[in-house]
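Input: a single structure, listed below in structure tokens.
The values are calculated or read from the model by the stated rules, or taken from the named source; none is laboratory data. Fair warning: this is a prediction, and the values are worked out from it, not measured in the lab. A quick note on method: Cβ atoms are made from the backbone with ideal geometry, for glycine too, and the neighbour counts reach across all protein chains shown. These area figures cover heavy atoms from the full protein model, side chains too; ligands, DNA and RNA do not enter into them. Shrake-Rupley method; radii C 1.70, N 1.55, O 1.52, S 1.80 Å.
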Amino acid sequence: MRTLSPSLLSADFSKLSDEIESIEKAGTQYLHLDVMDGHFVPNISFGAPIIKSIRPISNMIFDVHLMIENPEKYIEDFAKAGGDILNVHAEVCPDLSKTIDMIHSLGCKAGVTIKPDTPVDAVIDVLEKVDMVLVMTVYPGFSGQKLIPEAMKKIPELVKIRKNKNLNFDVQIDGGVNMKNIREVLETGVDSIVAGSAVFGAENPGKAAAEFLNIFKEYEK
Ligand code: DX5
Ligand code: ZN
């Protein structure tokens, strides 16, 4: 099943619970939580306390995208706050395998993320142990950017490796996905789709989420 993971970064923070409820009611499976530290990316968003405060109001899977340096220092906080999937960037983990083990030992699913210029090779050694590979199709830091088609080519590459090696990870896309390019995105074989401005930037986020989910049905594997 394809999963939709709307990014909370584009939500109206003055009415977070309404925003979350609207997409959950539409059948959305994941909530994408973009954590930014102002060092790894030129922007600051929110951290574990916000995640902890919204945890009781939602049953969606909390998909935490850690755009932070030294993620190993903070992953326990995010696990305790209620993160279900913790995604770390390959570019900032000197021992990626160890960081993944740490995430698993905290009872969470582990994901590895690659920026648009980072090749699949950077994560090849950990594909056997990760639950998700997040392919970024914009440079991390901001929502509302345009999808970089070149970066999207890594998705079929990963899907092929998974099949050939008989592995199990999900592939997720993050950045610039919208109603216009969603079909092209789904044709890559991707499993999970992050959408920030296309869902929470829409007039009615619940309706936008439902529209995405309806299109997913056409591509069920
Ligand atoms: C970018 C974030 C994305 C972003 C997606 O650094 O990781 O998750 O919020 O927003 P859109 O879908 O608007 O590109
Ligand atoms: Zn993200």
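Which one of P42, P205, P156 has the biggest mean-square fluctuation once the chain is modelled by GNM with Cα springs under 10 Å?
Residue with maximal mean-square fluctuation among P42, P205, P156: P42.
What are the residues whose amide H is under 5 Å from the amide H of N70, where those residues sit 5 or more places off or on another chain and H is modelled from the backbone?
none
Short version: ³J(HN,Hα) in whole Hz for each residue of the stretch 149-166, in order, from phi by Karplus 6.51 cos²θ - 1.76 cosθ + 1.60 (θ = phi - 60°), x for Gly and Pro, what are they?
x, 4, 5, 5, 4, 6, 5, x, 4, 5, 4, 5, 4, 4, 5, 4, 9, 6
List the residues, sorted by chain then number, that are 5 or more residues from T3 or on another chain and whose placed amide H is less than 5 Å from its amide H.
Counting only residues 5 or more places away or on other chains, the set is S192, I193.
Distance between Cα centroids, the stretch 25-92 to the stretch 167-207: provide it in whole Å.
Distance between centres, Cα-based: 18 Å.
Restrict the search to the stretch 128-204; then list the GluC sites (Glu not before Pro) that DSSP places in a loop and that have at most 10 other Cβ atoms within 10 Å of their Cβ.
E203
Size of the dipole of the chain about the Cα centre, Lys and Arg at +1 and Asp and Glu at -1 on the beta carbon, nothing else charged, in debye to 20?
Values: 23 positive and 32 negative charges, 87 e Å.
That gives a dipole near 420 debye.
Do the alpha carbons of any pairs in K163/K217; K25/K98; K98/K163 sit beyond 30 Å of each other, and which pairs?
The answer is K25/K98.
Taking the Cα-to-Cβ direction at N214 and at I44 and moving 7 Å from each Cα, how far apart do the two end points lie in nm?
That separation, rounded to one decimal, is 4.2 nm.
Students sometimes get this wrong: rank R55, R183 by accessible area, probe 1.4 Å, all chains present, largest first.
These residues rank, largest area first, as R183, R55.
Would you calculate, for the chain, the mean residue ellipticity at 222 nm contributed by helices, counting each DSSP H stretch of 4 or more residues as -39,500 (n - 2.57) and dividing by all residues, to the nearest 500?
-9000 deg cm²/dmol
Between N181 and K52, how many nm apart are label points set 7 Å from Cα along the C-beta direction?
For N181 paired with K52, the spin-label model returns 3.7 nm.
Within the accessible area of the stretch 3-217, what % is carbon and sulfur when the probe is 1.4 Å and the other protein chains stay in place?
The value for the stretch 3-217 is 49 percent carbon and sulfur by accessible area.
In whole Hz, with x marking every Gly and Pro, tabulate ³J(HN,Hα) for the stretch 37-50 from phi via Karplus 6.51 cos²θ - 1.76 cosθ + 1.60, θ = phi - 60°.
With coefficients 6.51, -1.76 and 1.60, one gets 9, x, 10, 5, 10, x, 7, 10, 10, 9, x, 4, x, 5 Hz.
Along the stretch 97-109, what does the Karplus equation 6.51 cos²θ - 1.76 cosθ + 1.60 (θ = phi - 60°) give for ³J(HN,Hα), rounded to whole Hz, x for Gly and Pro?
These are the phi-based 3J(HN,Hα) values: 4, 5, 5, 5, 4, 4, 4, 5, 5, 8, x, 10, 7 Hz.
Using a 1.4 angstrom probe, figure out how much accessible area the chain has per residue, in square angstrom, rounded to the nearest whole. It would help to have the intermediate numbers written out before the result.
Details: 10160 Å² over 221 residues.
Accessible area per residue, the chain: 46 Å².
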